[in-house]
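Colleague: Let me begin by handing over the structure; questions about it come next.
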Amino acid sequence: MTSVTGGKRPRESCNDAAFGDAVVAVHDWGTVIAWPDGTCVHGAPEDTDGYRQTAYDHGYGDDTLALCQEHELMHVALCHWLGMPSPVMEALRNAPDEMPGAELRALEEAAVLSVQKFARALGVDLIEAMARYARVAL
Ligand SMILES: [Zn+2]
């Protein structure tokens with residue numbers, strides 16, 4: 001649901017919070033998630049009515065950037081908590097054109113958005129909350 005691209009990127013360009021072997025960098029335009037093998041997934045808000053509606057429906061108002069930043073982070077953080085890599089991120093970083101496992105990815109998307117909506121209702125900033133639990137990679 002977020003504009004994402006996979007590919008390789010120099011590891012040293014990503015230096016933010018880490019969940020397992022995934023390093024999440026939150027930028028003022030979106031996110032970059034990187035892995036030790038050099039694969040990387042970029043996320044940025046989509047300039048679409050559907051994306052704006054998703055932001056509104058999940059408590060972000062018109063802040064699609066916050067929706068995107070927390071969404072990409074939560075994919076990694078939630079799955080790390082469950083003890084497994086994110087199926088969505090695994091598909092994006094390894095087979096962005098094939099995207100296997102559509103049903104599992106749909107469940108992950110729904111779970112991530114539900115956590116986001118719950119956090120927004122509680123007034124919790126997911127980036128700040130996750131930063132307290134993630135180690136900082138330097
Ligand atoms: Zn997603």
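The values are calculated or read from the model by the stated rules, or taken from the named source; none is laboratory data. All values reported here derive from a predicted model rather than from experimental measurement. Here Cβ is always computed from backbone atoms with ideal geometry, including for glycine, and neighbour counts include all displayed protein chains.
Colleague: Let me spell it out: the conditions are (1) in contact with a helix residue (DSSP H, G or I) (Cβ under 8 Å, 6 or more places away or on another chain); (2) at pLDDT 95 or above; (3) more than 16 Å from the ligand (Cβ to nearest atom), and residue 121 meets all of them except one. Which number is the exception?
Modeller: (1)
Colleague: Can I ask one more? Quick check, is residue 134 in contact with a strand residue (DSSP E or B) (Cβ under 7 Å, 6 or more places away or on another chain) and away from the ligand (no atom under 13 Å from the Cβ)? Don't jump to the end; show me each part of the working.
Modeller: Details: in contact with a strand residue (DSSP E or B) (Cβ under 7 Å, 6 or more places away or on another chain): yes; away from the ligand (no atom under 13 Å from the Cβ): yes.
Criteria met by residue 134.
Colleague: Would you tally the residues in the range 60-76 being in contact with a Leu (Cβ under 9 Å, 6 or more places away or on another chain) and more than 16 Å from the ligand (Cβ to nearest atom)?
Modeller: Of the residues in that region, 0 qualify.
Colleague: While we're on this one: Which residue pairs have Cβ atoms closer than 7 Å, lie 6 or more positions apart in sequence or on different chains, and pair a first residue in the range 22-50 that is within 15 Å of residue 130 (Cα to Cα) with a second residue that is of a type in the set (S, T, N, Q) and surrounded by fewer than 20 Cβ atoms within 10 Å (Cβ to Cβ)?
Modeller: From the range 22-50, the pairs are 25/15.
Residue by residue, here is whether (1) part of a strand (DSSP E or B); (2) surrounded by fewer than 21 Cβ atoms within 10 Å (Cβ to Cβ); (3) at pLDDT 95 or above holds:
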| position | (1), (2), (3) |
| --- | --- |
| 4 | yes, no, no |
| 12 | no, yes, no |
| 46 | no, yes, yes |
| 50 | no, yes, yes |
| 56 | no, yes, yes |
| 59 | no, yes, yes |
| 72 | no, no, yes |
| 75 | no, no, yes |
| 89 | no, no, no |
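Colleague: Another question, if that's okay. If only one of 82, 107 is within 14 Å of the ligand (Cβ to nearest atom) and free of Cβ contacts under 8 Å to residues at least 40 places away in the same chain, which one is it? Please lay out each step first, then the result.
Modeller: On the way: 82 fails: within 14 Å of the ligand (Cβ to nearest atom).
Result: 107 is the single residue among 82, 107 that is within 14 Å of the ligand (Cβ to nearest atom) and free of Cβ contacts under 8 Å to residues at least 40 places away in the same chain.
Colleague: Quick check on residue 66: is it of a type in the set (Gly, Ala, Ser), in contact (Cβ under 8 Å) with a residue 24 or more places away in the chain and closer than 17 Å to residue 16 by Cβ? First the steps, then the outcome.
Modeller: Values: of a type in the set (Gly, Ala, Ser): yes; in contact (Cβ under 8 Å) with a residue 24 or more places away in the chain: no; closer than 17 Å to residue 16 by Cβ: yes.
No.
Colleague: Next question. If I filter the range 94-105 for residues that are within 14 Å of the chain's Cα centre (by Cα) and surrounded by fewer than 21 Cβ atoms within 10 Å (Cβ to Cβ), do I get at least one hit? Give the derivation first.
Modeller: Filtering the range 94-105 for residues within 14 Å of the chain's Cα centre (by Cα) gives 105.
With surrounded by fewer than 21 Cβ atoms within 10 Å (Cβ to Cβ) added as a condition, the list becomes 105.
Yes, because at least one residue in the range 94-105 is within 14 Å of the chain's Cα centre (by Cα) and surrounded by fewer than 21 Cβ atoms within 10 Å (Cβ to Cβ).
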